[in-house]
Amino acid sequence: MPLNKIGETIRKIRVAKKITIKKMAEKTNLSSSLISQVERNLITPSLPTLVKISKILEIPLVSFFLEDEVTSNCVVRKKDRKKLRISPSGIVFQLLSPDINRKIEFLLVEIEGKDGDYEKLVSYHGEKCGYVIKGKLEVKLGDKTYYLEEGDSIYFKSSIPHRFKSADGGKVVSIWAITPPSF
């Protein structure tokens, strides 16, 4: 999203959530004047300012930088999915939910063979539930390792350090529901 659209996005979401500028200023420790100037695109906010605002609006920081406007559509066409490829891991994430301003995120995740091996464990606030459509998925969850095959599913708190990879070097396709959204 162009920087001159960030302020409009902030204002639109703030108004939709019925948060006044004064209330946002109190919760972020920013001045009402600064927030007003950001919303009117008179100034470009710093990254720390955007982090504070995104927390109060309960939206992922990345939503300020997406190319497409957030829509209220309920259908996502295959050709219109937002995709994120993680290099060098070869993992491709496709957003199946209409946008990231919901309470849950729905993803199609493809791991291509050994290129999908990613050893770093990650953790953050929230929950995940995954379902394997194709292939064999290895899930490292804390100090345990689980092997999931087609038709298997898994649920866990995202605060437990975790990572995924192909269990046999083949292609893995899985569907994930994640809350809160993190795409």
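All of the numbers you see were taken from the coordinates with simple rules; none came from a lab. Computed from a predicted structure; not experimentally measured. Every residue, glycine as well, gets a Cβ built from its backbone with ideal geometry; the counts of neighbours run over all protein chains shown.
Across ARG40, ARG102, ARG77, mean-square fluctuation computed from a Gaussian network of the chain (C-alpha pairs under 10 Å connected) peaks at ARG77. Within the range 78-179, the percentage of alpha carbon pairs spaced more than 20 angstrom apart rounds to 34%. Each residue in VAL132, VAL51, VAL109, VAL172 was given a count of other beta-carbon atoms within 10 angstrom of its own, and listing them fewest first yields VAL51, VAL109, VAL132, VAL172. Using C-alpha pairs under 8 Å with a sequence gap of at least 6, the mean separation divided by the residue count of the chain gives a relative contact order of 20 percent.
Going down the list LYS18/LYS83; LYS17/LYS128; LYS5/LYS128; LYS5/LYS52; LYS23/LYS78; LYS82/LYS103, which pairs span over 28 Å between their C-alpha atoms? Over 28 Å apart, Cα to Cα: LYS18/LYS83; LYS5/LYS128; LYS23/LYS78.
Near the amide H of ILE91, within less than 5 Å, lie the amide hydrogens of ILE86, all on another chain or at least 5 residues away, with H placed in the peptide plane. From helices alone, the chain scores -6500 deg cm²/dmol at 222 nm; the rule is -39500 (n - 2.57) for each run of n ≥ 4 DSSP H residues, then divide by the residue total. About its Cα centre, the dipole of the chain is roughly 740 debye, where the only charges are +1 on Lys and Arg Cβ and -1 on Asp and Glu Cβ.
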